[in-house]
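The values are calculated or read from the model by the stated rules, or taken from the named source; none is laboratory data. This structure is a prediction, so every number in the text was calculated from the model and none was measured. Note that each Cβ is placed from the backbone with ideal geometry, even for glycine, and that neighbours are counted across all protein chains shown. All accessible areas refer to the heavy atoms of the entire protein, side chains included, with ligands and DNA or RNA removed. Shrake-Rupley method; radii C 1.70, N 1.55, O 1.52, S 1.80 Å.
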Amino acid sequence: MLVSARSFAEYRAMFALTDRDLGPGRRILDCPAGAASFVAEAGLRGIDAVAADREYAVHRAELGMLVERETRFKRERLVRETADFARSWYTDADDLIRQWSVNAQLFRADIAARPERYVAAALPELPFTDGSFDLVLSSHLVFSYGNRMGEQFQRAALLELARVARWEVRIFPVVVYDTGERYRGLGRLREELADAGIGSRVEQVAYEFQPGGDEMLVLTCAGYRAPARSPSRAGAVDPVRWRHRESTGEGSGAA
């Protein structure tokens, strides 16, 4: 499993993010974020975004540098594995390495300057209270490694992402990395989510790197109420202090 370092522009394309999605009052979570520069670049645009990833607990200060080194070390593997991938975003493996290195450098600078925006956490249990974010983004994990994680993990991860979202969750892509096929249990998971009060739809996006990987799953969470949490998790609090909550008490909802 390769830790990625994708850019703000890629996130906009992968998740079909509009100016409204990124507008004032929105709170956005990127999970798992890896060494992506989305939160760093979002901050420069005045967007309230937070990154969560398990690697921040172990390799916090050095993750960006490790990603740069790892992608260069695995160049030949990347050449082989991406030989038939679309070239609309990266011209070749060397271009991917170059872009990820630039993004990782932005990540390194931002996690040092704004450490509170980078929370050590991993699915399927996140240290955020219910409805902490308007929009939650999750790329290249839940379905990408679906044949390794197992459906129990997917189910728990999707429910947890929905729990912390007030409006929507967007998961990209819905294909398995090893096979390039759409995750076979997707329909069954969507039915279970519907039974829990979570609507869903599959949308095509204007982004494709892995062949066939141009769709995202969108979960609508406005009507979802998560079950009561276990005593060990019930006391969770947001590890990020929201400036707008300090002044308004609660923050605006998603229209």
Task: Only listed residue being over 12 Å from the mean Cα position of the chain (by Cα), in a loop (DSSP other than H, G, I, E, B) and of a type in the set (A, V, I, L, M, F, W, C), chosen from 16, 40 - done: 16
Task: Some residue of region 138-147 being at pLDDT below 95 and assigned to a helix (DSSP H, G or I) - done: yes
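Of the residues 42, 13, 9, which single one is under 25 Å from residue 179 (Cβ atoms) and among the small types (Gly, Ala, Ser)?
13
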- [ ] Please name all residue pairs, on different chains or six or more residues apart, with Cβ atoms under 8 Å, provided the first residue is in region 218-230 and is within 11 Å of residue 197 (Cβ to Cβ) and the second residue is at pLDDT below 85 and open to solvent by less than 60 Å² (accessible area, probe 1.4 Å).
- [x] 222/254
Open item on the list: Just to be sure I understand the filter: pairs with C-beta atoms under 8 Å, separated by 6 or more residues or on different chains, first member in region 63-74 and touching a residue at least 24 places away in the same chain (Cβ under 8 Å), second member among the acidic types (Asp, Glu). Which pairs pass?
Closed with: 63/55
Open item on the list: Could you check region 99-124 and list, in sequence order, the residues that are loosely packed, with under 14 Cβ neighbours inside 10 Å and either of a type in the set (Ser, Thr, Tyr) or more than 15 Å from residue 36 (Cβ to Cβ) (or both)?
Closed with: 112, 113, 115, 116
- [ ] For region 196-208, indicate whether the set of residues that are farther than 24 Å from residue 118 by Cβ, among the aromatic types (Phe, Trp, Tyr), out of contact with any Lys or Arg (no Cβ under 6 Å at 6 or more places or on another chain) and at pLDDT 90 or above is non-empty.
- [x] yes
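From 108, 69, which residue is of a type outside the set (A, V, I, L, M), closer than 30 Å to residue 160 by Cα and in a helix (DSSP H, G or I)?
108
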TODO: State whether the residues of region 106-116 include one that is in contact with an Asp or Glu (Cβ under 9 Å, 6 or more places away or on another chain) and either closer than 22 Å to residue 168 by Cα or aromatic (Phe, Trp, Tyr) (or both).
DONE: no
Open item on the list: Against the condition in contact with a helix residue (DSSP H, G or I) (Cβ under 8 Å, 6 or more places away or on another chain) and over 18 Å from residue 53 (Cβ atoms), how does residue 185 come out, does it pass?
Closed with: yes
Task: Unmet criterion (only one of (1) modelled with pLDDT of 95 or more; (2) over 30 Å from residue 201 (Cα atoms); (3) open to solvent by less than 30 Å² (accessible area, probe 1.4 Å)) for residue 44 - done: (3)
Task: region 73-87, residues that are open to solvent by 60 Å² or more (accessible area, probe 1.4 Å), at pLDDT below 85 and of a type outside the set (D, E, K, R) - done: 83
